[in-house]
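Enquirer: Have a look at this one.
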Amino acid sequence: MIIKTLNIIRFGKLKNKTIELKEGINIIYGRNEAGKSTIQSFIKAMLYGMNSQKKSIRENGRKRYMPWSGERGQGELIYEDNAGNEYIIRRSFGNTKKEDQGEIIHFISGEKLRAINVIEPGKEILGLNEEGFNKTLFIEQLGLEINRGKEDGILEKLTNLAESGDEDRSYEKAIKTLEEAKKIITTPRKNGKLDELRLKLISLNTECKESLRLSDENIEEQIELNNLKYKRNYLRANIEKLELYKKHIKRIKLYKEYGEILEYLKKSNELNQKIEEVEEGLVSDEGSIDNQFISSLKEEYRGYKQLKDIQVERLENKDIISNSLKLKENEFCEYEMFNNLDEDVERKVISLCLEKKNIEEKIKDIEKIDCEIENLNKDLGKLKGKHEKVSYMSDINSKIQGIFYDYENKLKELKYKISKDSIDFEILNKKQSYKKKKTLSFILSTCFFIIILLLSFLKGFGIYKVNLIYIPIIILSISFIISVKGYKDLSKVVHNIEKQESLYEDISNLKNSIVTIEEDLKRYYELSGAKDHEEFLIKIKDYNDNKEKIDKMIIKIEEKLLSRSKYSLDVLEDEYKNICRYIDFILEDTNSYDIEDFLDRYKEFKEINKNIDILKSEVRVEALSLEHISEEISIKEKNIKDTMDKINKSHINIESIPNEIEKLEEKLKEKQEIEGRLKSIESNYELLLKDRDLEKMKEEIGDIINEDIEENFKNEEDLDDAIRERNKDLLYVEKRLRDIKNSIDNKFIGKRRIIEIEEEIDAIKIEIELLQYRFQYINIAYDTLTECFKELQRDFGPILNEKVSKIFSSIVIDNYEEVKVAENYSLKVRDKDKNDIIEAEYLSNGTLDQIYFSLRMAFIDLIFGEEMVIPIFLDEAFIQYDDERLLKSLEYIKTIDKNRQIIIFTCQKREVDILKKDSNIIYI
């Protein structure tokens with residue numbers, strides 16, 4: 001497929017815009033906002049429509065590129081297929097997918113093409129769905145990276161092509177069929193046949209359990225009914241007893257409260273004495289020592305200790321860094337000769353090595369081409385010698401073709417005439433006899449007719465009696481009819497005889513012509529020395545094959561000579577010598593064994609130099625840090641001494657501060673615990689007293705202190721609660737009695753028998769078991785098919801890896817090779833220097849883009865082959881490339897533009913400057 005013309009009638013901000021594209025490389029160049037993205041989206045919309053349903057305008061092409069005027073998006077795309085036929089894709093887009101319209105018509109005849117789906121024509125024209133198109137042919141800005149999607153099917157398509165030559169082999173159809181069969185049985189949404197049966201089985205089991213439960217409940221409820229009646233009688237009697245007991249509880253309660261009040265008063269006095277003793281050890285110049293004072297002291301000491309630890313650590317670290325710096329400076333002495341080299345010497349050497357290798361390959365190619373030309377000339381000489389020996393076949397070959405053609409046609413005609421009509425040779429010999437009979441029948445019928453006319457005339461004159469004349473007229477009329485019929489039958493027979501005579505004559509003429517042609521062929525057989533027709537055909541074929549080989553070999557020699565003329569061996573050898581001299585100079589000046597040794601040592605030199613700078617910087621940072629830490633330690637020491645002076649303990653060593661802090665915390669904690677207990681006791685004392693006079697309480701209980709009263713409750717409230725609980729229980733029991741009686745009376749209304757439910761359960765279990773066996777067999781088939789296909793993919797992996805590696809090695813400037821592609825399109829490369837395989841994500845953005853570019857190009861080559869012409873779209877695909885990477889990549893693109901249409905969208909002049917002589921540049 002080659003895109004010839006884009007006719008954008010209305011799309012986004014573009015209107016009535018026509019773009020002519022050519023074979024090979026096309027560059028669409030323009031500044032930002034010039035409309036490049038709109039043109040790309042127009043091409044995708046023409047091939048795949050506008051399918052995005054996202055709310056974001058930037059991710060929804062329909063919202064983003066509908067004409068600003070509010071009209072329908074409309075345009076045409078003219079393309080040429082691989083057979084050379086041109087077609088027009090004509091589409092218009094509305095606000096929704098249902099409003100879209102389109103058609104595909106033949107460019108010359110205007111006939112509609114109905115074989116291609118106009119909704120997504122790209123799917124059939126290119127053989128890729130939209131996701132596959134985006135991951136192969138359409139390479140967008142900062143979008144070279146490929147992630148495996150659900151619908152792309154690229155690896156499956158490549159595997160099918162590699163294994164069977166058919167990209168649409170039955171794997172996906174088989175998987176889809178198995179998945180559909182599984183969905184009929186069971187689905188994640190639980191709407192399959194097996195799911196429905198399981199739900200029904202659960203429902204039946206529930207119904208069965210419910211029926212059994214109801215039977216059990218009926219028995220349990222009858223037992224519970226008897227127990228509730230007994231409990232009701234017991235509660236009624238107990239409530240009566242509690243009411244009597246309530247009258248005596250008040251006096252008992254008052255006596256108990258008096259004793260508790262006296263106990264709390266005694267405890268309060270004891271705790272006040274303890275608080276006074278503890279406070280004597282918690283006094284400072286500013287008042288009492290509290291939590292805030294202790295926390296402040298702890299924080300200062302903690303900061304002091306942390307700074308001391310950091311100081312020790314920093315000193316150790318400084319010593320380590322200083323020692324490392326000395327070692328690196330001693331090591332640097334071995335690489336002083338590298339200081340005199342240019343900064344870009346590494347790049348120059350690598351570039352020259354690549355150029356040297358390239359020149360070596362070119363020289364080998366020239367020698368190989370010269371050798372091939374020499375061998376081809378030898379083979380051509382042999383073929384020409386062989387051809388000259390049978391030069392007499394030239395005239396025979398030019399004439400014999402027409403004779404063979406005429407011979408074949410006459411044989412076919414003879415066969416057709418013989419098979420169509422059969423000739424009756426016996427009837428041909430009776431021709432004269434039938435002619436005589438025909439003449440006789442004609443004469444008789446004429447005589448009969450004349451006699452009948454004569455008798456009719458005589459009757460009119462009354463010569464004969466009327467009744468007698470009718471008899472001869474009737475007899476003669478019958479004879480006349482018979483003779484006329486015989487004449488007609490004989491005429492048909494004579495006509496048939498004449499027709500067969502004509503056919504016989506034609507067949508005889510054809511046979512004579514065939515005999516004449518066969519005599520001519522025998523003469524040519526004798527001239528060629530052939531014994532028979534079969535040997536003659538072999539000689540003709542050998543002559544034509546030999547002539548065709550000579551023509552092909554001449555064309556091949558001309559191609560080789562043309563390829564050879566591109567290179568100048570002398571120029572290449574001079575360039576090679578200059579490169580070798582420069583490399584030898586570098587190696588000699590740096591005492592290196594070879595290029596690899598030079599690059600390794602130069603990298604070590606740069607690494608050591610870089611490490612020395614880093615270590616020096618680290619030494620300076622550590623020194624400044626130590627000064628700052630020392631100042632902070634002095635401030636912390638002064639703050640701690642000032643704090644200890646406030647509590648008259650400045651004589652204590654700073655290292656003993658933690659012990660002193662612990663003692664202060666224990667005393668403060670003891671004080672707080674005593675105060676808490678005192679507060680609780682005073683609160684309880686006031687609560688029990690309730691503004692009453694203690695002496696009066698003593699007088700009130702004086703009369704009953706010695707009374708013998710049984711105490712079952714602590715206070716009157718507990719007794720009231722107990723009475724309420726008994727009444728509440730009694731109310732519940734009576735309500736429960738009514739409910740159970742009603743439940744027993746209505747329990748089995750509208751319920752099926754257990755035996756009916758169990759029969760239905762058995763039938764469904766059998767059906768479920770059959771479906772489970774079927775589902776198991778489908779899963780086995782699905783897993784086996786998937787595993788087989790994955791094994792095919794693993795076999796195909798090396799082919800893809802080799803293709804990607806070959807493309808990558810032709811465009812990369814770094815020391816990487818051997819790309820490995822995983823199923824999810826993640827990539828790894830081998831580092832030549834370290835001989836190690838690393839993740840591509842660790843590489844620079846430019847190198848990573850080159851790897852994914854190579855992967856896309858490999859996909860394109862493997863899917864479409866080198867014969868099929870297809871378009872490749874590059875939208876600012878080289879934005880992260882430096883100049884050297886860009887040059888190598890564009891050189892590669894030049895090599896593939898013969899069987900690929902390259903369409904580059906860019907706002908950079910780099911691509912235009914490099915490809916201006918080799919491309920069609922379109923300015924927008």
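Enquirer: Would you order Phe133, Phe585 from fewest to most other beta-carbon atoms within 10 Å of each residue's own beta-carbon?
Expert: Ranking Phe133, Phe585 by Cβ neighbours within 10 Å, fewest first, gives Phe585, Phe133.
Enquirer: Please go through the residue pairs Lys362/Lys888; Lys357/Lys888; Lys357/Lys916; Lys4/Lys123; Lys888/Lys909 and name each one whose alpha carbons sit more than 22 Å apart in this structure.
Expert: Lys357/Lys916
Enquirer: Take Asp551, Asp100 and order them by how many other Cβ atoms sit within 10 Å, fewest up front.
Expert: Asp551, Asp100
Enquirer: Next question, about the same structure. So for Thr895, Thr177, Thr136, fewest C-beta neighbours within 10 Å to most, what's the order?
Expert: Starting with the residue having the fewest Cβ neighbours, the order is Thr895, Thr177, Thr136.
Enquirer: A follow-up question, please. Which of the GluC sites (Glu not before Pro) across the stretch 1-98 are loop residues per DSSP, with 11 or fewer other Cβ within 10 Å?
Expert: The qualifying sites are Glu33, Glu59.
Enquirer: Please report the net charge: other residues with Cβ closer than 12 Å to the Cβ of Glu575, K and R +1, D and E -1.
Expert: Here the charged neighbours net out to -1.
Enquirer: Let me ask another. Measure up Lys318/Lys638; Lys200/Lys751; Lys356/Lys806; Lys577/Lys803 against 23 Å on the Cα-Cα distance and list the ones that go over.
Expert: Violating the 23 Å Cα-Cα cut-off are Lys318/Lys638; Lys577/Lys803.
Enquirer: Ok, one more. Return the whole-Å distance between the Cα centroid of the stretch 178-232 and the Cα centroid of the stretch 21-71.
Expert: 60
Throughout, read-outs are computed from the coordinates displayed, never taken from laboratory work. Small disclaimer: the values here were computed from a predicted structure and weren't measured. Reconstructed Cβ throughout: ideal geometry from the backbone, glycine too, with neighbour counts over all protein chains shown.
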